[in-house]
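Peer 1: Have a look at this one before I ask anything.
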Amino acid sequence: MLLSATPPPTEVLAPSPWNLWKKTLFRFFALYFTFYVSATLFLSWWRPIVAFLADHVLKFENPVEYQPTGSGDTLFHYMQLLGVFLLASLGTILWSILDRRPRNYDALLYWLLVLVRYALGTAMIGYGFAKIYKTQFPFPFPHSLFQPLVESTPMGLVWKFMGYSTGYNYFTGFAEALGGVLLFSRRTSTFGALLSFGVMANIVALNFFFDVPVKLYSSHLLLMAAFVAAPDLQRLFTFFFLNKPVPAATPVPTLPKKWMRPTRFWLKLAFLCFFGYMTLVQGYQRSQWYKKSMSQYALYGAYQVDTFVLNGDTLPPLATDTTRWKLMLVNSDGFISAKLMNDSTQRLYVHTDTVQKFISWTSSTGAAQSSRLRYHQPDSTHLTLTGRLSQDSVQMRLRKIDLQKLPLLSRGFHWVNEYPYNR
């Protein structure tokens, strides 16, 4: 007699209620991440909250306002984070008082993980492609190439280090982007979270130990990666450290309505297409514009000042001279560095007229004084500047420096090194 190959039906157990500490932690992180994501997306919503905390809670003498300085660690951001924490804490208390039933939040946890995965994934991909396209860390300007190490700030040192190597930008960028891509799928989200956690741990360390003002944001991305991986940490520990088999992950909550599955699919597809276009296409367009504009900067490069005539007198190249220029470093269309003989540097924010071939700027030291110099290039390696430097007439003859002969740019890559070339 043949036995039936159909296995007996298995009993489907109802999800067990969560204990108090688990429900409390979930309530706090659900509110905290929701408020934090809204704070990064809708900054204007938080201005009155920050103003209230600064004026009525901490009673600051001066108002705390947001200024787009490029820093993510301003006082406004710390006040905003305080608001997120206080609202999440207050909401957790109220939620715990109003909801005392023995229950679980499996369905809410699923949707919270979706929110955190997508917020983290978009950030990882965005920063990843900023490195791949090399718009976050451009190659060092001539000013940086000739800047003594001791004059660099810790953040400037990171930007020079990262900007020098295109290959290392690709490596770190692809690692970030891959972690973000894996986060968009439920099946690969755990691995994506672990990869993102490893990448972000290194970035957080750089931000803290080199004083890069993205400490708050990068720390939250690291926290998000840990949160996404948290439901599987026990299974991962059992598998990797106890060398024991683990069951498959618990199925995600099903969508009760028939229309919900296709709706979720099309919404996700629309989001991925929009985000993919913004990141890949527009990111590439920005990188091409950046490269094109860099190549079109008038006089871009480094110049050695061979002759410096001030008010008719030729100044000798004395190391103690605080007037004579030693180097002129043209970094961009609006930024020139004049390195003096005593190795001090004047940062000049100039206007360049490529039609009439003038560069001009206004000094902000003391009474505002304007400078205007006409430039002429008799050949590809020489440059002359004539005009007025504040109240003085000046004539300069400069010689262009071949940057590709500098050790940093000429060393390149070597498979075989008989001796370390460490300078």
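The values are calculated or read from the model by the stated rules, or taken from the named source; none is laboratory data. The shown structure was predicted, so the numbers you read here are calculated from the model rather than taken from an experiment. Ideal geometry is used to build each Cβ from the backbone, glycine not excepted, and the neighbour counts take in all protein chains shown.
Peer 1: Among the residues of the stretch 206-265, count how many are more than 19 Å from Thr188 (Cβ to Cβ), without any contact (Cβ under 8 Å) to a residue 24 or more places away in the chain and either small (Gly, Ala, Ser) or not in a helix (DSSP H, G or I) (or both).
Peer 2: Total satisfying the criteria: 13.
Peer 1: Which condition number does Ala302 fail, the rest of (1) surrounded by 15 or more Cβ atoms within 10 Å (Cβ to Cβ); (2) part of a loop (DSSP other than H, G, I, E, B) being met?
Peer 2: For Ala302, the failing item is (2).
Residues are listed down the side, and each one gets a yes or a no for (1) part of a helix (DSSP H, G or I); (2) within 24 Å of the chain's Cα centre (by Cα):
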residue: Ser38; (1), (2): yes, yes
residue: Leu53; (1), (2): yes, no
residue: His56; (1), (2): yes, no
residue: Gly72; (1), (2): no, yes
residue: Leu86; (1), (2): yes, no
residue: Val116; (1), (2): yes, yes
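Peer 1: So which residues in the stretch 306-327 are among the polar types (S, T, N, Q) and touching a residue at least 60 places away in the same chain (Cβ under 8 Å), if there are any at all?
Peer 2: Thr307, Asn311
Peer 1: Show me the strands (runs of 3 or more DSSP E) found entirely inside the stretch 334-423 where at least 2 residues are surrounded by fewer than 16 Cβ atoms within 10 Å (Cβ to Cβ).
Peer 2: Where strands (runs of 3 or more DSSP E) fall fully within the stretch 334-423 and carry at least 2 residues being surrounded by fewer than 16 Cβ atoms within 10 Å (Cβ to Cβ), they are 345-348, 351-353, 358-363, 369-379, 382-389, 392-401.
Peer 1: Does the stretch 308-322 hold any residues that are surrounded by fewer than 14 Cβ atoms within 10 Å (Cβ to Cβ) and within 17 Å of Gln395 (Cβ to Cβ), and which are they?
Peer 2: Asn311, Gly312, Asp313, Thr314, Pro316, Pro317, listed by residue number.
Peer 1: Could you figure out which of (1) among the aliphatic types (A, V, I, L, M); (2) more than 27 Å from Phe29 (Cβ to Cβ); (3) exposed (fewer than 14 other Cβ atoms within 10 Å of the Cβ) isn't true of Leu280?
Peer 2: Condition (3) is where Leu280 drops out.
Peer 1: Does Met79 satisfy the criteria of being over 29 Å from Thr279 (Cβ atoms), of a type in the set (A, V, I, L, M, F, W, C) and in the same structural domain as Ser165 (by TED's automatic domain parsing)?
Peer 2: Taking the combined requirement at face value, the residue satisfies it.
Peer 1: Separate question: Quick check on this structure: which one of Leu43, Leu81 is at pLDDT below 90 and within 24 Å of the chain's Cα centre (by Cα)?
Peer 2: Leu43
Peer 1: Determine if the stretch 364-371 includes at least one residue that is among the hydrophobic types (A, V, I, L, M, F, W, C), within 16 Å of Phe141 (Cβ to Cβ) and in contact with a strand residue (DSSP E or B) (Cβ under 9 Å, 6 or more places away or on another chain).
Peer 2: Looking through the stretch 364-371, none of the residues is among the hydrophobic types (A, V, I, L, M, F, W, C), within 16 Å of Phe141 (Cβ to Cβ) and in contact with a strand residue (DSSP E or B) (Cβ under 9 Å, 6 or more places away or on another chain).
Peer 1: Out of the residues in the stretch 277-329 that are of a type in the set (Phe, Trp, Tyr) and closer than 29 Å to Met341 by Cβ, which is farthest from the chain's Cα centre (by Cα)?
Peer 2: Looking at residues that are of a type in the set (Phe, Trp, Tyr) and closer than 29 Å to Met341 by Cβ, I get Phe308.
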